[in-house]
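Visitor: Mind looking over this structure? Questions follow.
FYI, it's all coordinate maths here, none of it is from the lab. Everything quoted here is computed from the prediction, not taken from an experiment. Backbone-built Cβ (ideal geometry, glycine too); neighbour counts: all protein chains shown.
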């Protein structure tokens with residue numbers, strides 16, 4: 001019993017490879033009732049003739065008996081075994097195929113085809129070398145012309161609003177001529193189909209890089225738009241996202257401000273492009289306001305007249321639009337009155353003008369006997385508030401007459417000198433132009 005099982009197992013192991021190799025294409029025609037010995041010889045000769053004309057089947061032999069074809073031998077790769085079944089099945093008179101051809105393990109036999117292919121490709125490359133040199137030369141000339149054209153100042157500096165946009169035009173020209181050079185070279189080599197593969201791969205890589213550097217791309221595009229639109233000019237006093245300062249320069253990455261305290265503020269252009277921008281320099285006329293808290297017992301109408309007359313004394317305030325005064329509301333212990341005046345920014349500093357207006361208005365109100373009380377608090381207690389125990393207070397002395405002082409733009413002029421020095425330090429790293437159109 002054990003001997004029988006071992007014999008069956010051995011037979012299965014020996015027959016396994018043969019059965020596996022006979023799987024594949026088999027003839028599907030009608031099988032004749034009688035066998036023809038002459039037909040078998042003719043079929044075998046025809047198969048051998050065909051295999052003799054094909055590369056890679058030199059070690060394959062075929063025998064035919066009653067229309068059954070048995071194939072033996074070795075080939076260098078497995079794909080030829082499958083193709084052999086399909087080929088033999090098409091020969092007339094073949095009833096079935098037993099393909100016992102195996103893949104060769106001979107190193108020399110497997111290397112010879114590869115060496116032959118390398119030799120053929122080398123010979124083909126030598127034969128095509130003149131055409132390759134012509135194609136490469138034409139592509140290089142095309143690229144060289146594009147680089148030469150991009151380096152010229154005309155017409156890019158003429159048609160571009162600033163140097164940054166001109167450099168972008170030059171980069172586009174360089175890229176376009178590089179692509180044209182590659183297309184020309186591939187067209188001369190009759191390999192333009194390769195260009196589609198290259199462009200497809202480049203598109204996928206570009207998309208992946210675009211997602212990875214999305215913030216950088218957004219900032220770059222914002223720089224282009226800001227350099228074209230130019231929402232502010234050099235030295236303008238602007239407020240961007242709560243940061244106030246004079247514009248020093250607009251670079252390809254950020255907008256540089258100099259704060260009124262002399263500090264540098266660097267804001268990314270992507271933020272500037274999307275932000276609300278307040279430009280205080282766009283109009284020469286600018287208004288300032290301040291709050292005056294007067295005694296609630298005073299005549300409010302009279303206080304307004306005094307404040308308005310005090311503002312009209314100031315020579316640096318504009319007549320049109322003129323100063324204004326209105327009651328703002330009720331304070332804790334005062335009546336709040338708002339005073340407003342207009343100045344010309346290039347002639348008068350806004351801070352100094354506001355300070356002088358407050359000084360003069362306070363003096364005029366005190367000269368008229370209208371006090372500006374401090375916050376008042378009531379204290380409740382057993383011995384507090386007895387008027388009989390309070391010592392009489394002396395009358396306050398009448399304030400001296402206050403003269404109006406001249407207010408200029410000395411502080412702003414000094415700050416403008418600092419800003420100009422900052423701009424002169426890097427004259428080429430600025431995308432703003434004074435003569436450029438402004439939105």
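Visitor: Could you calculate the contour length gain from residue 253 to residue 35, that is, 0.36 nm times the residue separation minus the distance between their Cα atoms, to one decimal place in nm?
Guide: The residue 253-residue 35 span can extend by a further 69.6 nm.
Visitor: Assuming R0 = 56 Å, what is the FRET efficiency of residue 327 and residue 209, from their Cβ-Cβ distance, to the nearest 0.05?
Guide: Efficiency at R0 = 56 Å is approximately 0.35.
Visitor: While we're on this one: Cβ neighbours within 10 Å, averaged per peptide: list 48-58, 83-93 in order, most packed at the top.
Guide: Peptide ranking by packing, descending: 83-93, 48-58.
Visitor: Assuming 0.36 nm per residue, please report the length gained on full extension of the stretch residue 197 to residue 264 beyond their Cα-Cα distance.
Guide: 19.2 nm
Visitor: Related question: Say each of residue 221 and residue 338 gets a label point 7 Å from the Cα, pointing the same way as Cα to Cβ; how far apart are those two points in nm?
Guide: 4.1 nm
Visitor: If you take the beta carbon distance between residue 422 and residue 277 as r and set R0 to 22 Å, what does 1/(1 + (r/R0)^6) give as a FRET efficiency, to the nearest 0.05?
Guide: 0.65
Visitor: If r is the Cβ-Cβ distance from residue 144 to residue 72 and R0 is 60 Å, what FRET efficiency results, to the nearest 0.05?
Guide: Computed FRET efficiency for residue 144 and residue 72: 0.45.
Visitor: Run through the DSSP bridge list for the stretch 18-103 and note the antiparallel percent, rounded to the nearest 5.
Guide: 45 percent
Visitor: For residue 403, put the label point 7 Å out on the Cα→Cβ axis and report which residues of the stretch 313-355 keep their amide N under 16 Å from it.
Guide: Once the point is set 7 Å along Cα→Cβ of residue 403, 314-315 turn out to lie under 16 Å by backbone N, inside the stretch 313-355.
Visitor: Something else: Express in nm, to one decimal, how much length is gained between residue 229 and residue 104 on full extension, taking 0.36 nm for each residue of separation and deducting their alpha carbon distance.
Guide: Between residue 229 and residue 104, full extension yields 37.7 nm more.
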